[in-house]
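Below is one structure, written out as structure tokens; comments come after it.
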């Protein structure tokens, strides 16, 4: 029905049935123009169908490209994350290298300090041994002096008794 109205509008034909009064030539011209219009409508419909099919192809291609674009974006994000992780790893490796260098420079100092500590311990042991020796010597000297003093004290006491006895004998 739509096609009929379209053809009537294109041909500027009235909607009444007054076509019967037209001359035969005009009728043939009208039929020829109508056939031409039908042909043009068919061609237009064919072009519309072609454009619709082209549009469908473009739509499908757009959907595929959108999907690929989202996949590519995801891959780019992963790549950026990987690069960031790689930079972090490089920074940590550099930090470890610096720390290893510090350890290497501190190792001789540690060895030197350990050697000094060992020497100090040895000197301390020697001093303690010397001190213990002196204490032992002094203890022996003290013991001998005490023994000597006790001996002298005893002899003084004996002497004092003798003197007292002698005094008492002389006085009596």
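Any read-out appearing in this document is the output of simple, stated calculations on the displayed coordinates, not a laboratory observation. Note that the structure is a prediction, hence the values are computed from the model and not measured.
Annotations
- The angle separating the long axis of helix 2-11 from the principal Cα axis of greatest extent in the chain is about 60 degrees.
- Listed options for Cα Rg over 2.2 N^0.38 Å are (i) 1.10; (ii) 1.37; (iii) 4.20. The value calculated from this structure is the one marked (iii).
- Put the Cα centre of region 33-81 next to the Cα centre of region 145-160 and the gap is 134 Å.
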